[in-house]
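Heads up, the thing below is written out as structure tokens.
Just so it is clear, none of the values below were taken in a lab; they were calculated from the coordinates. In this text the structure is predicted, and so the values were computed from the model without any measurement. Every residue, glycine as well, gets a Cβ built from its backbone with ideal geometry; the counts of neighbours run over all protein chains shown.
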Amino acid sequence: MDKFVIMGGKKLIGEVEISGAKNAAVAIIPAALLVEGTCTIENIPRIKDVDVICDILTQLGAKIQFKDNKHTVVIDCTGLNSYTASFEAVQKMRASYYLIGALLGRFNHACVAMPGGCNFGVRPIDQHIKGFEALGAVVDTTSGIIKADAEKLVASHIYLDVVSVGATINTILASVRAEGVTVIENVAKEPHVVDFANFLNAMGAQIKGAGTDTIRVTGVKKLLGGTYSIIPDQIEAGTFMIAAAATQGDVLIKNIIPKHMESISAKLVEIGANVQEFDDSIRVFAGKKQLTKANVKTLPYPGFPTDLQPQIVALLSVAKGNSIITESVWDNRFQYVEELRRLGAVINVDGRVAMVEGVDKLVGATVKATDLRAGASMVIAALVANGVTEIYNLKYIDRGYEDFESKLQALGAQIVRKSDDGTGSVNGVAL
Ligand code: EPU
């Protein structure tokens, strides 16, 4: 089993290039199922989730080819021959629920097994189903398989009861080729939702209002293909910003959209870091001030992202004073706290609220990633801890961070990936 071995205590210094957005890519790639033509998608992050969704599309009959630069993929779904995705195919990735909306939109039929729960609680899809049904589909969810069938899909007026990235995207997928104008209210406004809509528009769809509370989709008969470039990953960028602040370093985070980072920049300034914004990069560097407590409440965009909550908790665990973190998106996203405690963090959790008592130092230990962002939190904690930390369960981190350890090594971090019995060294230091 692979693990990261990290020798903590080094400030991160230098420049890092941010990859394309994972949560845009895992929506845009299945959206190509709607297109009868060739989609060329640039700035694809090379992460495990992308490999998994591409494999599923191939099984459905898509032709997929990565170009030499490895970050451009050409997808041709003209000859698609199936609307059934097996459990074996979809179990590895939660976002495979986008196959339902995409296949329904393409064939008026979808049969997709659903992966089980996930590491931060129940992840219902009732709002996705509400969208499909409003468009005229009959949805059956018995035996862990979602079957959605429609004679034809017809536009509707849909009000989502909760702000959901997945339900917003899935309802758009199913309505893009439906007859008439679909209005979806109370939608998610995340940058990757806007990017996904922009991709479909570039392929010939007519989607208006992405980034606001209401989206209008005018059905078109066919999508014909084109070229599109995915936006930079807001969460990867935020992870490096937090890591730079936590290690009291000086990092220029390049190839980003600073507007997407506003809630994170503001919070880091409140905590005592310096943040300097440029056109497409942000510099985070230590000031004279000591890092101090801050309260954080996660919210849908433009609020502070839940996908950066574990990382900011790692930072606050070494900031002076007591911080209160309220998780208002997911029911159960504090399991990783037990792992941070192994490193000496003092954190009490009561339901959706965590109280972090800043300590002077963390001390290296053996921990595991309990999910993707929890894994990033462990890495940040390990970078500031005294001594050596070993982090297991790298499969989670590999799902969503491209070349994580190489990017950190280039910033001076002493991090190496090792198999249990292997040896390794970085920057000349045996670990
Ligand atoms: N919800 C419902 N019913 C639904 C759908 C969602 O009650 O039908 C609830 C959820 O239980 C949750 C809230 O609505 O409490 C928000 O869930 P949302 O649907 O927005 O989450 P998601 O689409 O399943 C995406 C990201 C997550 C990220 C959330 C919130 C992808 C592939 N995943 O999930 O990202 O945490 O939005 O921003 O886009 C990650 O990248 O590590 C990750 C988990």
Cα gyration tensor category, rounded, prolate or oblate, for the range 182-264 with a/c compared to 1.5: oblate
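If you average the sequence gap of Cα pairs under 8 Å that are 6 or more apart and divide by the length of the range 23-151, what percent do you get for the contact order?
22 percent
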Cα-based shape type of the range 104-167, given that a ≥ b ≥ c are square roots of the gyration tensor eigenvalues and the cut on a/c is 1.5: oblate
Overall form of the range 103-211 per C-alpha gyration tensor (a/c, 1.5; a/b vs b/c): oblate
Farthest positive-ward along the chain dipole, Cα basis, beta-carbon charges - from ALA382, PHE285, SER96: PHE285
Loop trypsin sites (Lys or Arg not before Pro), the range 7-116 (other Cβ atoms within 10 Å of the site Cβ: 12 or fewer; DSSP): LYS67, LYS70
Stokes-Einstein D in µm²/s, Kirkwood radius over Cα pairs - the range 1-74 at 20 °C with 1.002 mPa s viscosity: 149 µm²/s
The range 32-73, relative contact order [Cα under 8 Å, separation at least 6], %: 52 percent
³J(HN,Hα) computed for each position of the range 331-344 - Karplus, 6.51 cos²θ - 1.76 cosθ + 1.60, integer Hz, glycine/proline x: 5, 9, 10, 10, 4, 5, 4, 4, 6, 4, 4, 4, 8, x
Relative contact order, percent, the chain [alpha-carbon distance under 8 Å, six or more residues apart]: 21 percent
Helical contribution to [θ] at 222 nm, DSSP H n ≥ 4, -39,500 (n - 2.57), averaged over the chain, rounded to 500: -9000 deg cm²/dmol
Cubic angstrom per residue, convex hull over Cα atoms of the chain: 130 Å³
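Quantify how much of the Cα-Cα distance distribution of the range 61-107 extends past 15 Å, in percent.
Working: 621 of 1081 pairs.
Considering the range 61-107, 57 percent of its Cα-Cα pairs are separated by more than 15 Å.
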